[in-house]
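Asker: Got a structure for you, questions after.
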Amino acid sequence: MLVTHTGTHSSTHTHTHTHTQGRTAAHTHTHTHTHRDAQQHTHTHTHTTHTHTHTQGRTAAHTHTHTHTHRDAQQHTHTHTHTHRDAQQHTHMQKITNKNITVQILHHNSNSPRSKRSDCAPPPQVSRVYVEDRSRLLYCEVPKAGCSNWKRVLMVLGGKAASTWDIPHDAAHGANRLRRLDSYDAAGITERLRSYTKVLFVREPFERLVSAFRDKFESPNSYYHPVFGRAIIARYRANASLGALRSGAGVSFPEFVRYLLDVRRPVGMDIHWTPVSQLCSPCLLRYSFIGKLESLEADANFLLRSVGAPRNLTFPNFKDRNPRAERTSATITQVYFSQLNTSNCKHGRL
């Protein structure tokens, strides 16, 4: 139904309810709106039929979809899905869009005191975003794009460390005490996304991919070798040795790429090679500042000055993980990609 508003406001609601004890209760809602005011609004309302199935002491399911389109100073699109298990609990999915921010949030609401915010699933678009409230800064973590040193900077900004040089690599990742955006409630998430400086640092995608491969598969690693290495070798290496199958060490770059291209890959993706678009949702979150690894120090220091960081805090440039290995560059990336046989790609082989 399309309604163009240029005058008065009237509202017609038709509700049909049918209830049978222990059986389906069907609800149909029809809404007609006519508005007349100084502004012109176009509203499109789509309402699904509501079907409730009630069984004594069991689940009552309720699905409700609303689509609203407003033509005024801002545009808003709302999609609501409700699922009720009883009179006490419900789950509410809300997608909020306006000219400044888009974020999808999953709420769990309940009248029961047992309901906790920790029971909620994290909003996927903000699960990698770190918060520094003192500087009103949001940083989305992109592994292999300077994230270790960015975490060190956030720790110093938040008073959790005196200097970036005092923070070991493992402490920067495992004991940083930094808070993620998805740990806040819906209002806290929305307000920080609206008012804080939102920061994203990216890297040339193929170079980032080679850097992740070198870091996780060419150096000893007690996690990536047995979890990813074993599965990759078993799937993509013909006549693999028993030792390679047991240890998972020695994955080649062509084997790694075959794993990435396989839609039925034997083990899931990892944040170190997951695309930035999936980690940080740049099409949904409007970042205030997007820097590049290729100019990391200059970009980061400019940003720190713009958010009022202490003058003595500069972005660290040290490499404390595999420090003897040369940093992955465009030249090194070209060497790795030269191992790929493009003629075999047509047949699904590298």
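Asker: From 332, 271, which residue is β-branched (Val, Ile, Thr), assigned to a helix (DSSP H, G or I) and either closer than 25 Å to residue 229 by Cα or open to solvent by less than 60 Å² (accessible area, probe 1.4 Å) (or both)? So that I can check it myself, show each step before the final result.
Answerer: Working: 271 fails: assigned to a helix (DSSP H, G or I).
One residue alone meets the criteria, 332.
Asker: Looking for something surrounded by fewer than 17 Cβ atoms within 10 Å (Cβ to Cβ), in a helix (DSSP H, G or I) and among the polar types (S, T, N, Q) - is there at least one such residue anywhere in region 190-198?
Answerer: Checked region 190-198: at least one residue is surrounded by fewer than 17 Cβ atoms within 10 Å (Cβ to Cβ), in a helix (DSSP H, G or I) and among the polar types (S, T, N, Q).
Asker: Only one of these is within 17 Å of residue 297 (Cα to Cα) and among the small types (Gly, Ala, Ser): 163, 183, 135. Name it. Spell out the reasoning first.
Answerer: Working: 183 fails: within 17 Å of residue 297 (Cα to Cα); 135 fails: within 17 Å of residue 297 (Cα to Cα).
Testing whether each residue is within 17 Å of residue 297 (Cα to Cα) and among the small types (Gly, Ala, Ser) leaves just 163.
Asker: Let me ask another. Using beta carbons and a limit of 7 Å, which pairs, at least six apart or on different chains, have the first residue in region 218-244 and within 13 Å of residue 267 (Cα to Cα) and the second one of a type in the set (D, E, K, R) and open to solvent by 30 Å² or more (accessible area, probe 1.4 Å)?
Answerer: Cβ pairs passing all conditions: 236/258.
Residue by residue, here is whether (1) at pLDDT 90 or above; (2) assigned to a loop (DSSP other than H, G, I, E, B); (3) open to solvent by less than 80 Å² (accessible area, probe 1.4 Å) holds:
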{"site": "249", "(1), (2), (3)": "yes, yes, yes"}
{"site": "277", "(1), (2), (3)": "yes, no, yes"}
{"site": "291", "(1), (2), (3)": "yes, no, yes"}
{"site": "294", "(1), (2), (3)": "yes, no, no"}
{"site": "308", "(1), (2), (3)": "yes, yes, yes"}
{"site": "316", "(1), (2), (3)": "yes, yes, yes"}
{"site": "323", "(1), (2), (3)": "no, yes, no"}
{"site": "340", "(1), (2), (3)": "yes, yes, yes"}
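Asker: Same structure, new question: For residue 214, which of the numbered conditions (1) surrounded by 16 or more Cβ atoms within 10 Å (Cβ to Cβ); (2) more than 19 Å from residue 269 (Cβ to Cβ) fails to hold?
Answerer: Every condition holds for residue 214 apart from (2).
Asker: Can you pull out the strands (runs of 3 or more DSSP E) entirely within region 102-173 that have at least 1 residues that are of a type in the set (Val, Ile, Thr) and modelled with pLDDT of 95 or more?
Answerer: Working: elements: 102-110, 129-132, 137-140.
The strands (runs of 3 or more DSSP E) meeting that bar are 129-132.
The values are calculated or read from the model by the stated rules, or taken from the named source; none is laboratory data. This one's a predicted model, so the numbers in the text were calculated from it and none came from an experiment. With ideal geometry, Cβ positions are generated from the backbone for all residues, glycine too; neighbour counts draw on all protein chains shown. In case anyone asks, the SASA skips ligands and DNA or RNA and just uses the protein heavy atoms, side chains included. Shrake-Rupley method; radii C 1.70, N 1.55, O 1.52, S 1.80 Å.
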